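Take a look at the structure below.
None of the figures in this text is laboratory data; all of them are computed from the coordinates on show. This is a predicted model, so every value here is computed, not measured. Here Cβ is always computed from backbone atoms with ideal geometry, including for glycine, and neighbour counts include all displayed protein chains.
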Amino acid sequence: MIRGALLTLTIALAAGLGVSSTFAQTPPNTVALQPSPAIPGVIAGGTMPEVVIKGLTSSDDPLWVPGVGLLFSESQANRIVRLDEHDQPVTFLGDLLNPLGMTFDAEGQLISIQTKPGSMGPRVVWPKGKERIIADNYQGKAFGRPNDIVADLKGGLYFTDPMGSAVYYVPRGGAIVRVVEEGIKSPNGLQLSHDEKTLYINDTQGLNIYAFDVQPDGRLANRRVFATYTGRDMSLPPGAPPVSRADGLVTDNDGRLYALTDSGIEVLSPTGQHLGAIPVWCITRRCQNLAFGGPDKNIMYVAGGGTLVRIPMLSRGFSGRAK
């Protein structure tokens with residue numbers, strides 16, 4: 001279902017586009033590049049990240065669309081950007097409201113989290129004529145500042161609200177439900193397992209990634225620590241509780257999980273074993289989100305701080321959905 005929807009989306013988009021950490025914080029407007037250690041089946045030793053773009057007002061949540069290329073959010077410029085064939089950023093969708101996380105649903109609609117005060121929440125922003133607000137409040141109360149989002153194959157959406165310490169689910173045609181309201185201080189990056197029986201959630205202000213069992217109605221049960229990250233925010237004052245600043249989360253075709261933390265990209269096995277970390281930094285701060293891309297989904301794109309970085313991988317992104 002999702003492959004057919006993405007194929008339809010690819011054809012329509014292509015027709016309408018026309019011409020086309022572990023290392024110290026770096027000084028402003030610079031990017032720290034380090035070779036990666038070898039992680040078997042994931043990345044070859046010595047692989048260097050490549051800076052594709054720097055100097056944008058912001059950058060977040062890359063997403064690969066076959067036949068179209070890479071999209072990512074430039075929240076401060078109120079637009080979604082496409083990386084053109086010359087590796088230049090061009091506006092794909094403008095006049096948005098500080099967009100952050102985005103996803104494609106099973107029908108091929110592009111859904112983007114908007115974060116401008118007074119207009120926060122997920123919206124369908126493409127295709128033209130289908131724009132609509134999916135949710136802008138919970139029980140009459142505005143969201144804190146939603147961030148990441150993932151769609152399931154049933155037509156539902158999960159999204160996080162780090163400032164509200166909450167995770168929400170919007171079932172297809174149903175009312176929004178708060179599925180996490182305690183136990184995670186700052187829920188941020190999230191991802192579904194391949195069979196969609198498990199939802200993984202990062203805690204930016206903690207050290208752990210959590211796993212939940214997905215119930216038939218989309219609600220969550222059996223919260224547990226899936227793994228503890230090695231990344232630590234070294235800018236905190238002495239004596240402050242340690243935090244990993246875990247953010248974006250993605251899975252590969254073999255079920256491994258990749259998360260951005262202050263160690264770079266931490267790689268976890270399908271059972272939560274720590275496999276290693278790929279060093280990466282996005283201009284004065286840790287990066288914010290990541291996605292597999294390229295025709296074979298073997299390029300890791302990483303965005304944050306107005307920067308876009310790509311890294312050639314041995315592993316390949318999950319083929320069952322866009323991200």
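Below are the figures for this structure:
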item	result
Selection from 77, 144, 111, by position along the positive dipole direction of region 59-174 (Cβ)	144
Vicinal HN-Hα couplings computed from phi for region 92-108 (Karplus, 6.51 cos²θ - 1.76 cosθ + 1.60; Hz; Gly/Pro x)	8, 9, x, 6, 8, 10, 6, x, 10, x, 8, 7, 9, 8, 5, 9, x
Eligible lysines near residue 54 by straight Cα distance, threshold 30 Å, same-chain separation 8 or greater	116, 128, 297, 323
In sequence order, calculated HN-Hα J values of region 289-306 (Karplus, 6.51, -1.76, 1.60; Hz; x Gly/Pro)	8, 8, 7, 6, x, x, x, 9, 6, 10, 10, 8, 9, 10, 10, x, x, x
153, 249 arranged by Cβ crowding within 10 Å, fewest neighbours leading	153, 249
Sequence-distant residues sharing a close amide H with residue 126 (under 5 Å, placed H)	110
Residues 281, 126, sorted so that the one with the fewest Cβ neighbours within 10 Å comes first	126, 281
Rg(Cα)/(2.2 N^0.38 Å) for the chain, N = residue count	0.92
FRET efficiency for residue 296 and residue 141, using Cβ-Cβ distance with R0 set to 30 Å, rounded to 0.05	0.10
Residue among 283, 35, 270 farthest towards the positive dipole end of region 2-312, charges placed on Cβ	283
Spatially proximal aspartates and glutamates relative to residue 197 (Cα-Cα < 13 Å; intrachain offsets below 8 disregarded)	152, 213, 217
19 Å Cα-Cα reach of residue 141 towards aspartates and glutamates, excluding residues that sit fewer than 8 places from it in its own chain	161, 181, 182
Inter-label distance for residue 33 and residue 196, nm, one decimal - labels placed 7 Å from Cα along Cα-to-Cβ	4.0
Principal axis box of region 98-252, alpha-carbon based, largest edge first, Å	53, 34, 30
